[in-house]
Amino acid sequence: MVSGEVSRIVRAPREQVYARYLTAYQDVPRLYPNLVKSMKLLSQEGNVRTFRCDEVWGGRSFRYTMKETLHAPSGSDQIVLDGEGKGMRSRWAFEAVEGGTNVRMIYEWKGLKGLVIGGLMRKRFEQEFAGALERYSRILEAPA
């Protein structure tokens, strides 16, 4: 298994961070134009959302379907259902702290494919996710 985590304090209350997180997916392609080509909400039933994502990593296109389970206001869990990265899990965790919210992005690759892809690209993932959280935090700090 290959896993990693990045975190950042966002200067906003946890409830605001969570409220902005619910719609922030719409801004993802604009925030990461060289990485995320599209992120479309396919469905939402209760606290479960399904997305179709198109990304480019190392010049290679990846298309996958992701299921997200929301846990208001503490965050969400994601799993890639099909396509590249099938079985990859990630989590957004929002913890109230003095001065705002500690936002953590956690990811986990399992299995042989995860070991190979995650192992080869671990440093790149860490850099991308740290940069992603930096840019994402600007959206999460903005009033809903």
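The values are calculated or read from the model by the stated rules, or taken from the named source; none is laboratory data. All of these numbers come straight from a predicted model, not from anything done at the bench. Reconstructed Cβ throughout: ideal geometry from the backbone, glycine too, with neighbour counts over all protein chains shown.
Quick notes on this structure:
- Here GLY59 clears all of (1) within 16 Å of the chain's Cα centre (by Cα); (2) over 20 Å from PRO143 (Cβ atoms); (3) at pLDDT below 95; (4) not charged (D, E, K, R) except the condition numbered (1).
- Output for the range 94-103, where each listed residue is surrounded by fewer than 16 Cβ atoms within 10 Å (Cβ to Cβ) and either within 13 Å of GLU5 (Cβ to Cβ) or of a type in the set (D, E, K, R) (or both): GLU95, GLU98
- When SER90 is tested against (1) surrounded by 14 or more Cβ atoms within 10 Å (Cβ to Cβ); (2) of a type in the set (S, T, N, Q); (3) modelled with pLDDT of 95 or more; (4) closer than 15 Å to TYR21 by Cβ, just one condition goes unmet, and that condition is (3).
- Selection within the range 40-92 - among the basic types (Lys, Arg) and either under 22 Å from LEU133 (Cα atoms) or out of contact with any helix residue (DSSP H, G or I) (no Cβ under 9 Å at 6 or more places or on another chain) (or both): LYS40, ARG49, ARG52, ARG60, ARG63, LYS67, ARG89, ARG91
- Members of the range 59-87 that are under 24 Å from VAL17 (Cα atoms) and aliphatic (A, V, I, L, M): MET66, LEU70, ALA72, ILE79, VAL80
- Candidate set: the range 70-87, residues that are in a strand (DSSP E or B) and among the small types (Gly, Ala, Ser); chosen: the one surrounded by the fewest Cβ atoms within 10 Å (Cβ to Cβ): GLY83
- Qualifying residue in the range 27-47 (condition: farther than 16 Å from TYR136 by Cβ and either β-branched (Val, Ile, Thr) or touching a Gly at 6+ places or on another chain (Cβ under 8 Å) (or both)): no
- Per this entry, TYR64 is not counted among residues that are within 12 Å of the chain's Cα centre (by Cα) and modelled with pLDDT of 90 or more.
- Taken over the range 1-43, the residue count meeting the criterion of being more than 15 Å from the chain's Cα centre (by Cα), modelled with pLDDT of 90 or more and surrounded by fewer than 17 Cβ atoms within 10 Å (Cβ to Cβ) is 6.
- The residues of the range 23-43 that are in a strand (DSSP E or B) and within 20 Å of ALA72 (Cβ to Cβ), listed by number, are LEU41, SER43.
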